[in-house]
Amino acid sequence: MSTVPFFSPRLANAGVDLHEPVRRVLASYWYVLGSEVLAFEREYAEYLKVRHCVSVANGTDAIELALRAVGVAAGDRVAVTANAGFYGSTAVLKIGAAPVYVDVDASTLTMSCDQLQRALHTYSPKAIVVTHLYGQLADIEKIIKVATDAGVPVIEDCAQAHGAKRGDRFAGSYGALGCFSFYPTKNLGALGDGGAIVTDNEEWAGRLRQLRQYGWSTKYHVAINGGCNSRLDELQAAVLRAKLPQLDAWNDERRDIARRYNAAFAHLPVRCPSSLGSDYVAHLYVIRTERRDELRQFLAQRGIAAEVHYPVADHLQTVHDGGAEANALPVTETACSTVLSLPCFPGLAREETERVVGAVLGYFDEAGHS
Ligand SMILES: *Cc1c(COP(=O)(O)O)cnc(C)c1O
């Protein structure tokens, strides 16, 4: 019996000629911060309808540098959600700042605006990181309003939400800064690590260009503290340029799979993604069930890979030694024990999604749970 993989880099990269961009870079003998990087930054900014894109080495660096750009420093607090894989927390801790955790909305599993309002009041954070989890745009318009009233900048974590939009407005264009990862499994993925920050603010863009390269103002002149070496290389930029024109089609393909799953599972005692519109790019297709672990095992026995994003809430990670700051996070904690991600990626064949559907229905039939 063949297996249904959780993700396939071969299938996800099918239909794009990646040899040509690689050959182009090889022929140029220029590997770091060159014309491919400049062109990708321009093309990605154009795609997102924002003014500036500053590429970096990965998505976690993108969040860290974005926080530094808006002035977050050691000892500050930053509001983040606790169900998003600890990436935001990693960036906050790297600076020496402290994450304060905000619970999520039960329907989208993205930051709850009401809970954010309470956290702003209680903790006075210096910035807010909003994660568009699983490819679902958060309640970002409302969050921006609340944050603006409090005078606190919003950083969007768009690592799972390339191309997600409401109306004409893309994930990454709402907040002060939008952060992206181009890790190979993301909706726009490189052949290695990569990341970017987008913004309309020229001053922040300039600061980010300094921060990603040792804090330099010009070569060998160090102007600001907190700099590091975090650059996208020419090869990855060339590959991303070749893939960007396919992003919308790939997102449609992901959403089609999600649509099929949602329809098939409508009568089951599971909770499905809340949106199938343009504000959801189906980076992950996540259902929620009390019987998560049993279902996952049942699927594994039938050759279907399912994963958990994410099993441990940030505030309960042992690194905090029990000292994380948070109001109660009941929705987050329930989510961590019930979420299950099913295969959903471009190139996943119709028969394979049918197999996933059949197996999930089979589980609830057999177990008499429906
Ligand atoms: C992947 C991811 C990141 C981190 O990106 P890297 O490039 O792996 O550092 C950050 N946030 C979210 C939500 C992610 O899924």
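For this structure, a couple of remarks:
- Residues within region 136-161 that are touching a residue at least 12 places away in the same chain (Cβ under 8 Å), more than 11 Å from the ligand (Cβ to nearest atom) and in a loop (DSSP other than H, G, I, E, B), tallied: 5
- Any hit, region 119-135, residues being within 16 Å of the ligand (Cβ to nearest atom) and touching a Phe, Trp or Tyr at 6+ places or on another chain (Cβ under 7 Å): yes
- Region 74-130, residues that are under 15 Å from the mean Cα position of the chain (by Cα), of a type in the set (S, T, N, Q) and surrounded by 20 or more Cβ atoms within 10 Å (Cβ to Cβ): 81, 83, 89, 108, 110
- Taken as a whole, the condition of being more than 30 Å from residue 13 (Cα to Cα), within 15 Å of the ligand (Cβ to nearest atom), of a type outside the set (Asp, Glu) and modelled with pLDDT of 95 or more applies to residue 175.
- Residue check for residue 101: of a type in the set (Ser, Thr, Tyr) and either farther than 27 Å from residue 329 by Cβ or away from the ligand (no atom under 16 Å from the Cβ) (or both): no
- Pair list, Cβ < 7 Å and 6+ apart or interchain, from region 184-196 residues that are over 11 Å from residue 243 (Cβ atoms) to residues that are near the ligand (Cβ under 8 Å from one of its atoms) and of a type in the set (Asp, Glu): 195/61
- Filtered residue count, region 207-244, keeping only those that are under 24 Å from residue 31 (Cβ atoms) and in a helix (DSSP H, G or I): 15
- The lone criterion from (1) under 24 Å from residue 14 (Cβ atoms); (2) within 16 Å of the ligand (Cβ to nearest atom) left unmet by residue 248 is number (2).
- Taken together, 227, 322, 303 contain a single residue that is in the same structural domain as residue 359 (by TED's automatic domain parsing), of a type outside the set (D, E, K, R) and open to solvent by 20 Å² or more (accessible area, probe 1.4 Å), which is 322.
The values are calculated or read from the model by the stated rules, or taken from the named source; none is laboratory data. Quick caveat: nothing in here was measured; it's all calculated off a predicted structure. Note that we place each Cβ from the backbone using ideal geometry, even for glycine, and neighbour counts take in every protein chain shown. Protein only, heavy atoms only, side chains kept; ligands, DNA and RNA dropped before computing areas. Shrake-Rupley method; radii C 1.70, N 1.55, O 1.52, S 1.80 Å.
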